[in-house]
1. Where residues in the range A:177-209 are farther than 30 Å from A:L38 by Cβ and touching a Leu at 6+ places or on another chain (Cβ under 7 Å), which of them is modelled with the lowest pLDDT?
2. Restricting attention to the range A:10-39, report how many residues are of a type in the set (V, I, T) and in contact (Cβ under 8 Å) with a residue 40 or more places away in the chain.
3. Across the range A:21-48, what is the number of residues that are at the interface with chain B (Cβ under 7 Å from one of its Cβ atoms) and either part of a helix (DSSP H, G or I) or of a type in the set (S, T, N, Q) (or both)?
4. When you scan the range A:78-110, how many residues do you find that are in a loop (DSSP other than H, G, I, E, B) and of a type in the set (S, T, Y)?
5. So, in the range A:49-74, of the ones that are part of a helix (DSSP H, G or I) and over 22 Å from A:K100 (Cα atoms), which residue ends up farthest from the other protein chains (Cβ to nearest Cβ)?
6. Could you tell me which residue of the range B:65-123 is surrounded by the fewest Cβ atoms within 10 Å (Cβ to Cβ), considering only residues that are hydroxyl-bearing (S, T, Y) and out of contact with any Lys or Arg (no Cβ under 9 Å at 6 or more places or on another chain)?
7. Taking the conditions exactly as written (more than 24 Å from A:E108 (Cβ to Cβ) and more than 10 Å from chain B (Cβ to nearest Cβ)), does A:P12 satisfy them or not?
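The values are calculated or read from the model by the stated rules, or taken from the named source; none is laboratory data. Keep in mind it's a predicted model, so treat the numbers as computed, not measured. Here the Cβ positions follow ideal geometry from the backbone for every residue, glycine too, while neighbour counts run over all protein chains shown.
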Protein chains: 2
Amino acid sequence: MALIGILGGMGPLATVDFMEQVIALTSSAGASCDQQHLELLVAHLTHIPDRSEALLGNGESPLPGLLRGIDMLNRNEVELIVIPCNSAHHWYDAMRTHSKAPIIHIAEASVAALPPGVSRVAVLATGGTYHCGLYQRMLLARGLEPVEPDSATQQHIDACIREVKAGRLDASALHLALALDWLLAQGAQAVVLGCTELPLAAREMTVPSIPIVDSTLELARATVSYGLERGWNCPR
Amino acid sequence: MALIGILGGMGPLATVDFMEQVIALTSSAGASCDQQHLELLVAHLTHIPDRSEALLGNGESPLPGLLRGIDMLNRNEVELIVIPCNSAHHWYDAMRTHSKAPIIHIAEASVAALPPGVSRVAVLATGGTYHCGLYQRMLLARGLEPVEPDSATQQHIDACIREVKAGRLDASALHLALALDWLLAQGAQAVVLGCTELPLAAREMTVPSIPIVDSTLELARATVSYGLERGWNCPR
C-alpha cells in the first residue's frame, strides 16, 4: 500500500478540512467505495509549538517537533508528505532535506493557482508567515505585487485564525470580513487564503466576488493529483 | 507525547467526522489553541476489504488488514486505539488480543448511551453487522428488545451507507428516512446509528424526535474522556 503522510494538527480543524477536501476530490474523480480512496497516515501533532509565535520571536522553535513528525511519517514508509499549515513551510528546506519522502509545498501550489490577468494580490496569513515574507517573495518572483495588510488588518487576520483554532467559526468570520474589506479597498484583485484556518472562516460568510485561492484546497488538489497519477487509489 | 491511534478510513468520511467530533468535544472542554488538543495518529487504511461483505460471506476477510493497522499503530507507541467502524468490531477480540494498546469498543460505548426507560431499540447497521448479531447480543444482555429491520428496510440502510461512501449525502438521507419510518412503525422507542456512515446521512434530514444514539459521537466521547482524564491534551 502506498501511504500519503500528512503532518497535521496545525491546527486540528484545518487538518480535518484538508482530509475532507482530499476525500471529496477523490470521490469527484470517480471513487465510489472505500477501497477506491487514497490511503493516508495522519500525524496529528497538535503539541508542536506555535509556528507564527516562533517566527515573530515570541516562542519556542517548532522545528524539532516538525522533524519528529517528518521522521515518524518516513519510518512508516510514506511515499509523499503534505503539511496543511502554511507557517510551517518557513522550515520547508530543513524538512525537505531531512525527509526521504518528497514534500509538496503548500505556498507553491497556492501561488500557482492564481488566475492569469491579476497583478495586485493580497495574501492573508499568520503574522509570522507575513513577517518571514514566504508569500511576498513568491509573488514578486512571478511579477505580482503583494498588497500588504496594515497593522490593524493583520490583527484581524490573526484574531480570525485564533477564533478558528478555538472552534468559534462565527466570530472568526467577522474578523475575516473586516480584513478583506480593507485589502480590497487597497486595490487587491485576488486573495490567497494563506493559512489553513482561513478557509473555515470564509465558509461562514459571503466572500467578495474576486478570485480567492484556498491554500488547503490547492494542497489537496496537488496531493490527489500526485496520488491518482500513480494509481495509489487502487489496492496493490 | 501520548498518541491516540485511530484505525480509520472505513469509510473515509466517517473517519473525518469522528476526528471532527473529537476536536469539537475537546474545544468544548476548554481547548482554545492547537497545543490544548489531543495528539492523534490516524491510519486511514481505506484499502482494507469491505467488512460487511466479508460478514455476509461475499468477500475477502478484512482481519489481516485490520491487524496490519493495529500493528502500525502499536509500532508508533499509541497508548489507546479507537476504530470508527462498527462492522470491524466483529473482529474486536482478535484485535484486542493482538494489540498492546487498549481498544475502546464502539458498540459498548453506543449501547451504554441509550437512555433509561426505553425497551424496544432499533439498531441501524450494515447488513454484515446485523447478520453477525453484534448489537442484538448486547441489547439482549441488557434486557432490551432489538427491533429488527425487514429485508426491504435493510436494503435501504445498506443503500444509505453506500451513498455516503460515494459522497452522495442527499441520496443517502432519502434511504435513511425510509428505514427510520419503517422501524418506528414497528414500535422502536430509540435508535442506534450503528454504522459510522449513518450520522452523516442523518445530518441531511429532519430526524424523528426519539432518542437517537450516534455511534461516532459516542466513540468520540469515550475517546476524549479517556484522553483528558490522563492529561493527554497537555504537551509533556
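1. A:P208
2. Filtering the range A:10-39 for residues of a type in the set (V, I, T) gives A:15-16, A:22-23, A:26.
Filter again for in contact (Cβ under 8 Å) with a residue 40 or more places away in the chain, leaving A:15, A:22, A:26.
Looking only at that region, the number is 3.
3. 7
4. Residues of the range A:78-110 in a loop (DSSP other than H, G, I, E, B): A:78-79, A:83-86, A:99-102, A:104-105.
With the extra rule that they be of a type in the set (S, T, Y), the set shrinks to A:99.
Residues that pass the stated criteria total 1.
5. Our first condition is that a residue be part of a helix (DSSP H, G or I); within the range A:49-74, this holds for A:51-55, A:63-74.
From what's left, over 22 Å from A:K100 (Cα atoms): A:51-55.
Values: A:R51: 9, A:S52: 11, A:E53: 10, A:A54: 12, A:L55: 15 Å.
Selected residue: A:L55.
6. Taking the range B:65-123 and keeping what is hydroxyl-bearing (S, T, Y), we get B:87, B:92, B:97, B:99, B:110, B:119.
Applying the additional criterion that residues be out of contact with any Lys or Arg (no Cβ under 9 Å at 6 or more places or on another chain) yields B:92, B:97, B:99, B:110, B:119.
Working: B:Y92: 17, B:T97: 8, B:S99: 19, B:S110: 24, B:S119: 11.
The extreme case among them is B:T97.
7. Working: more than 24 Å from A:E108 (Cβ to Cβ): yes; more than 10 Å from chain B (Cβ to nearest Cβ): no.
So A:P12 fails the test.
Results for (1) more than 26 Å from B:G128 (Cβ to Cβ); (2) modelled with pLDDT of 95 or more, shown as yes or no for each residue.
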site: B:M1; (1), (2): yes, no
site: B:I6; (1), (2): no, yes
site: B:G9; (1), (2): no, yes
site: B:L13; (1), (2): no, yes
site: B:E20; (1), (2): no, yes
site: B:D34; (1), (2): yes, yes
site: B:H37; (1), (2): yes, yes
site: B:S52; (1), (2): no, yes
site: B:S61; (1), (2): no, yes
